[in-house]
Amino acid sequence: MSGRTPSAPAHSLGKRLTRFSLVDFVLGVVAVFGLIALAGPTIVAIIGAFGRDRYSTFPPSEWTLHWFATIDPVYWQVAGTSLTLATLTTVGSIVLGVPAALALARWRGRGRAAIGTLVRSPLQIPYVVFGVAALQFYLVLDRTLGIEILGTMTGLVLAHVVIATPYMIGAVVPTATGLKENVELAAYGLGASRTRTFFTITIPGLKNAIVAGALFSFLISFDDVPVSLFLMGAGTQTLPVKLYFDTQFSLSPSLYAVAAVITVFTTAAVAILMRVVGLKRLSGR
Amino acid sequence: MDSTMPMDTTSTTAASYSEAPSKAGRVGLHVEGITKTFHDAPVVRDVSLEVHEGEFLTLLGPSGCGKTTLIRMIAGYIDPTRGRILQHDADITHLPPQRRNMGMVFQDYALFEHLTIRENVAFGPRIRRLSRSASRARADEMLELVGLQGSAKKYPAQLSGGMKQRVALARALAIRPNVLLLDEPFSALDAKLRVSLRDEVRRVQQTTGVTTILVTHDQQEAFGVSDRIVVMREGSVEQVGTPRELYHTPRTPFVLNFVGHSTRAEGVVASQRAGQTRLAVGTDYITAHSRVSFAPGDAVIVAVRPESARLSHPGSEGSGVNTYAGIVSRTEFVGAKEFAEVSLPSLGISLAAEYSIGAGEERWREGDAVEVRFRPEDVITIGLTTRAEQPSIEREQSSIEGEQS
Amino acid sequence: MTTTQAPPDPKTASLTAAVRLPRPRTSRTATPRALIVPLIVFQTVMCFAPQLYFYSIAFATSTGPGAFDASQWTLENFGQLFTSPIYRNAIGDTLVFAVSVVFAVLLLGFPLAYVISRSRTWGVPLLAIVIVTSFTSVIVRVLGWKILLGDAGPINTALQHLGLIAEPLRLVNSLPGAVIGTVNAVLPLVVLLLIPVMDQIPRSVEDASAGLGAGRARTLWRVVLPLSRAGLLGSAFVTFAYAMGSFTTPALLGGNSMILSVLISQQVRTSVNYPMAATLALTLMALVVVVLLVATRFDRKKVSG
C-alpha cells in the first residue's frame, strides 16, 4: 500500500514494535463494526430470500428456493427497461463525457477550475430536485413545442445522462491529465491526422478509465430512483422504482429474491471492473 | 576561414552563410528570420540557418535558449510569429506536422504503449497507405538497423529506456523522413547509455544519410556527433561552426565559456601587424595570431586553453614571445592528466594549465617557480564592441618603435 | 492548409497566443477547448435552465393539483414554511438527520480508513469489501435494513436478550432508521476519501509521538486526528450535501418523519402542488449552501485563531 516507508517499523495491527494497546483493539472493533454495517444489510437481504416465513424472520427457520420461483414476470420486464436505459445512458456519458474530460485535462490557462466545477455540478444537486425540474421542463416542452418526451425512454435517457456524465468525467480526467502529449505529437509527425490520432492513440490510452467511468455511469443509472420516479411512463417503469413501490406498499419475500439476483449481477460487474482496472486504481490510490 | 567579419554578436545572417562548406553542399532546409514571441517575451529572436543535406547539425545551448522551440517550429508543432521555413525552396512555414515528413524523436520516447514494437514502427508507413506486408517489412528493416529485430512482438513497457529510444528512432526513420529531429533524446538515460546511444544514432545517420538536427545542452554530446553546431543563447544564434571551429575560434564570450575550459583575461590592442596582434594585458603583452583586424585601443577578450600552456623551469626556454614568469599556486591530479594553476603576476591572471604526466615529465608542486609559454596561434581573441582608453597605448608607442615584432 | 506568408502582424501573433500556454510548446496541436462545449450545452438545456425555471415556480400560486398561476409573484409559499408545522418539522428533521449522518459516518469512517491505511494484513481485503459493498443496489440494502432493524429483527432481539431494553426499539420507519441506512450508503465514499488522508500521515510521526511518551489514545487524539482534520472536514461537507439530498433510503426507512427531499416528492406525486414543491426545493438548496458557508467560515476562523 502507498504511504509506507520501507524502513519504518512494522506498525501494522498485526505485528508492532510498540505494545498493542487497548486503543488499537477498540479501533479494530469499531472498524469491524463499520464493516458489518457496510456488508451486513446486503448479506441479510440475500439470506432473507431463502427463508420460508412470509415475514422474513431472521435467521430463517427454514430454507427454500420458493420465492425465486414466484418472482413476478413483471420484474424481468422492468429489469429489461433498466438495462436498456443504463446502456443508453452509458453511451451518452461516453460521447459527451470523454471529449469533455480531455478538454478539461488539457485546459490551458484560467477557467479550468471554474469549468470543472460547472461540469461536475450535477453531483451536488439533490436528485429529487433535478427529477422534478426535469419533469417541469418536459411539461413545458409539451405545452409549448408539442414535444412529448415525458414518460418515454428518451426522456429518461436524457436525464440520466445528466447525472451520469460527471462520474465519467471524474473517472477519465485523472488519466487524461497523465497522458503524455508527446505521444500524440509523435503521431502527428508520423502523418496521422488529429481525428485518427484521437481514435487510435488517445482513446486506447484512456481505455481503462473509460471502462471504469462506464461502469459508474451504468450503475448510477441502473440504481436510480428519484429521477426515474418522476420521469417514468406506463411502459417505461424501471426496476429500482418498481422495487421502491413494492417495498413501500407490498413488501413480500419475493422482493428479496429479486434483490438477491440483482446483487449477483452487480457484484459480478464490480469483480470484472476490479479485474480490468485494478483495485488500487478504483480506490484512487 | 580567413574571412574578416564584424564583431557583431547580434546579427547572424553573415555568420550563418559563410561557415565551412558542408559535406554534400546542397541546402535542404532554410530557416529565415524565425522569431517566436510568447506573451510579449521573445523566445526565439530572428534566427536564420541553413541546414545542408545529409549533415548532422546540433542546436546547442543552455535551457531556455530557445532551441527546443526552434526545433518544434521546424517540425510544425508551433507557429512562428515571424519568419519563414523553406524546404528545398518550398515554403512550409504553415504546413501542419502531418505533411512535413519529418521524423521526431522525443525525450520521453513517446511510444504507443498499446501497440507492439513492430506496430509502433509500422505506424508511419501504414498512414502512408503502404500495404500491411510492406509496412511490416519496412518496420523490420528499421528494427534491424537499430538492432532490435528480436523485440518486434514486445510492448514498450517491456523494454528498457535505451531500447525504447532506439524504437523511437526506428519509428521516425521508417517514414523515410526528409529531416530527422531529435529533441534532447538522451537526457532521460544514464551516462553510459547516453554515450553508446549517441554513437548509435550517429552510425545510423551516416548509414542512411538522413539530414539530422539534434537539440541538446550537453557540449560533449554535441561534439561527439555533429558535423556542425549552432550555439544558441536567449533566443539568438551565437555562432555556427564545426566543433573544431567552435573550440579553436569562438566568436563570442558566451561560446568561449560554453565550450571547453580556458583562462580568460581582458586586454587592449596595442598594435597589429602582419597577422600578429599585440595585446596589452595587465602590465605585460600577449601576442596572438589574429584572423580579425583590430584597431589599436580595441578591447579584446584574450583566452588560452589549458592544454596550450607549456610549463618549464625558469630560464630553460630562453626568451621568446608569450613567455612569462609565474608561481604554481595549486595542482590537481586527475589520472591521465594534471591541472596546475599558475599565478602570472605580470599579466595579472591565474592561468589554468593542463598537461599529461608521462615518464620523465616533471611534476610541479605548489610554490614552484615556472616559466609559462604558449604559441601565438593558440591564443583566442574575441573583440568586444567598445573601444578602450588610449593612455596605455601612448606609453607603449615609444617602446614599440624600438622592437622587432 | 498553406496560407500566405506570415505577416509580422501583432494581431495574428496575439491570435496564436490566445491559447494561453505556460510554455510555448504546442499552439497548433493543442487539444481544443471546444470539445467541452457539447456537454456544457447539454447540461445547460437539461439541467441548469430547468432548475432555474423550477425554482421560479416557488413564487407562483397553486391553483389546484398540477396547475399553478405564475402571473404574479408571491411569497405565500414561503410563508407556509413557517406557519405549517409539517414543513417546520420537516426542516428540523432534515437538519437533525443530516448532522447525525455526518457524525456517525465520521465516527465509523475514521477508524475504518485508519485501519485500512495502516494494517498490512487486513488493509487490502477490507478495502476490497468496502468497494464491493458500495456497488450494491440501494434497494437491496434497504431491504436488508428492514429485516435487521425490524421489531422482531436481530438487533432488537439481541438487545432484549442482553437485557438492555425491555421493548423493541422503533428503528425501522423512523428517523434513526433513516440515519442508519444513509450512513451505510455514504460510508464507502467517506472511507475512500479518508484513506489517502491517512496514507499521507507518515507512520514515523506516530512512532515519534509514542517515543515521546504518548499513549496510543493520546497519539491518535492529539496527532493523527489533527493531521487528518482537512480530510475529515472535506468528508463532512460531502456527507452533509449527500445526506441533505438523499432520497431513497430515508423515504423507505424514515416512516412518518419525512425529510425535505421526501416531502418534495410527496408534494409532486400526491398533492401535485408544484409551487410548494419548488419552495421546498429552494429551501433545501439554501440550507445546504448556508450550512456549508457557515462551516467553511468556522473552519477558517479556527485555522487563523
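Name the residue from C:129, C:89, C:102 whose Cα lies farthest towards the positive end of the charge dipole of the range C:51-165, charges +1 on Cβ of Lys and Arg and -1 on Cβ of Asp and Glu.
Farthest towards the positive pole: C:129.
Which of the helices in chain C meet the span-like rule: DSSP H, Cα axial reach of 20 Å or more, Kyte-Doolittle mean at least -0.5?
Those that clear 20 Å and a mean of -0.5 are C:85-118, C:175-200, C:229-245, C:274-304.
Using only the alpha-carbon atoms, how far is helix B:391-401 inclined from the longest principal axis of chain B? Give it as 0 to 90 degrees, nearest 10.
Once rounded, the angle reads 70 degrees.
In Å³ and rounded to a whole number, note down the convex hull volume per residue for the Cα atoms of the range C:85-171.
155
Can you tell me the 0 to 90 degree angle between the C-alpha axis of helix B:161-173 and the longest principal axis of chain B, rounded to 10?
70
Give the order of B:39, B:261 when sorted by the count of other beta carbons within 10 angstrom, beginning with the fewest.
So the ranking, lowest neighbour count to highest, is B:39, B:261.
In what order do B:104, C:258, A:274, C:276 fall by count of nearby beta-carbon atoms within 10 Å, going from fewest to most?
A:274, C:258, C:276, B:104
How long are the semi-axes of the equivalent ellipsoid of chain B, defined as square roots of 5 times the Cα gyration tensor eigenvalues? Whole Å, largest first.
48, 26, 16
Using only Cα atoms, locate the centre of the range B:216-246 and the centre of the range B:111-166, then give the distance between them in Å, rounded to an integer.
About 31 Å separates the Cα centre of the range B:216-246 from the one of the range B:111-166.
Which entries in B:192/B:337; B:67/B:192; A:180/B:192; A:207/C:146 show an alpha-carbon gap greater than 32 Å?
A:207/C:146
Determine the dipole magnitude for the range B:64-142: charges of +1 sit on the beta-carbon of Lys and Arg, -1 on that of Asp and Glu, nothing else is charged, the reference point is the Cα centre, and the result goes in debye to the nearest 20.
220
Where the centre of each part is set by its Cα atoms, how far does the range B:283-323 sit from the range C:43-66, in angstrom?
Cα centroid of the range B:283-323 versus Cα centroid of the range C:43-66: 91 Å apart.
Take B:202, B:82 and order them by how many other Cβ atoms sit within 10 Å, fewest up front.
B:202, B:82
About the Cα centre of the protein assembly as shown, how large is the charge dipole given +1 on each Lys and Arg Cβ and -1 on each Asp and Glu Cβ? Please answer in debye to the nearest 20.
Charge dipole of the protein assembly as shown: 2580 debye, to the nearest 20.
State the answer as a single residue: which of B:282, B:343, B:297 lies farthest towards the positive end of the charge dipole of the range B:257-348, with beta carbon charges of +1 for Lys and Arg and -1 for Asp and Glu, about the Cα centre.
After comparing all options, I get B:297.
Could you state the number of Å between the C-alpha centres of the range A:204-225 and the range A:136-202?
The two parts, judged by their Cα centres, are 12 Å apart.
Can you tell me the 0 to 90 degree angle between the C-alpha axis of helix B:117-127 and the longest principal axis of chain B, rounded to 10?
Roughly 80 degrees, rounded to the nearest 10.
Report the one residue of B:43, B:189, B:157 whose Cα lies farthest in the direction of the positive end of the charge dipole of the range B:13-256 (charges on C-beta: Lys and Arg +1, Asp and Glu -1; origin at the Cα centre).
Positive-most Cα among the choices belongs to B:157.
Within the range C:49-129, list the chymotrypsin sites (Phe, Trp or Tyr not before Pro) lying in a DSSP loop whose Cβ has at most 13 other Cβ atoms in a 10 Å radius.
Here the sparse-neighbourhood loop sites are C:73.
Let's see if you can work this out: charge +1 on each Lys and Arg Cβ, -1 on each Asp and Glu Cβ, no other charges. What is the dipole magnitude of the range C:76-300 about its Cα centre, in debye to the nearest 20?
Charge dipole, the range C:76-300, about its Cα centre: 400 debye, nearest 20.
Read-outs throughout are calculated quantities, based only on the coordinates presented, and are distinct from any laboratory measurement. The structure presented is a predicted model; accordingly, all values stated were derived computationally and were not measured. Using ideal geometry, Cβ is built from the backbone for each residue, glycine included, and neighbour counts are taken over all protein chains shown.
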